[in-house]
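Enquirer: A single structure is presented below for examination.
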Amino acid sequence: MAFILSEATAQNIAELVPSPKLDEVYESVNRWQICFPVISKKSYTDRVQILENCKSAASQLPKKASIIEIDLADTKEADFN
């Protein structure tokens, strides 16, 4: 993303910084690692089963995979996209 000087406000620049979990996804992808982002809420009843399925799938892969859980209720992840 690039800005001309008049658009390079502090807010526009700050908005370029990824959320903590999106940063983890980027790190995983940059290492050429398989990544399973799981977007849910702690209250979702199927959350645990989905995470277990991802762990099971990851154990069957030849390369190490990362499982990154993104909690929709986490305000730091509100802009995850």
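The values are calculated or read from the model by the stated rules, or taken from the named source; none is laboratory data. Here the structure is a predicted model, which means the values were calculated and not measured. Counting neighbours? That spans all protein chains shown, and the Cβs are built from the backbone with ideal geometry, glycine included. What goes into the accessible areas is simple: the full protein's heavy atoms, side chains included, and nothing from ligands, DNA or RNA. Shrake-Rupley method; radii C 1.70, N 1.55, O 1.52, S 1.80 Å.
Enquirer: Within segment 39-80, which residues are of a type in the set (A, V, I, L, M, F, W, C), touching a residue at least 24 places away in the same chain (Cβ under 8 Å) and under 17 Å from residue 28 (Cα atoms)?
Expert: Once the filter is applied, which keeps residues that are of a type in the set (A, V, I, L, M, F, W, C), touching a residue at least 24 places away in the same chain (Cβ under 8 Å) and under 17 Å from residue 28 (Cα atoms), segment 39-80 yields 39, 58, 61, 65, 67, 68, 70, 80.
Enquirer: If I ask for residues that are open to solvent by 50 Å² or more (accessible area, probe 1.4 Å) and modelled with pLDDT of 95 or more, which ones from segment 62-81 would you list?
Expert: Within segment 62-81, 67 is the sole residue that qualifies.
Enquirer: Among residues belonging to segment 19-60 that are under 11 Å from the mean Cα position of the chain (by Cα), hydroxyl-bearing (Ser, Thr, Tyr) and open to solvent by less than 70 Å² (accessible area, probe 1.4 Å), point out the one that is farthest from residue 78 (Cα to Cα).
Expert: Filtering segment 19-60 down to residues under 11 Å from the mean Cα position of the chain (by Cα) leaves 19-29, 35-39.
Then drop every residue that is not hydroxyl-bearing (Ser, Thr, Tyr), which leaves 19, 26, 28.
Adding the requirement that they be open to solvent by less than 70 Å² (accessible area, probe 1.4 Å) leaves 19, 28.
Values: 19: 8, 28: 20 Å.
Filtering segment 19-60 for residues that are under 11 Å from the mean Cα position of the chain (by Cα), hydroxyl-bearing (Ser, Thr, Tyr) and open to solvent by less than 70 Å² (accessible area, probe 1.4 Å), the one farthest from residue 78 (Cα to Cα) comes out as 28.
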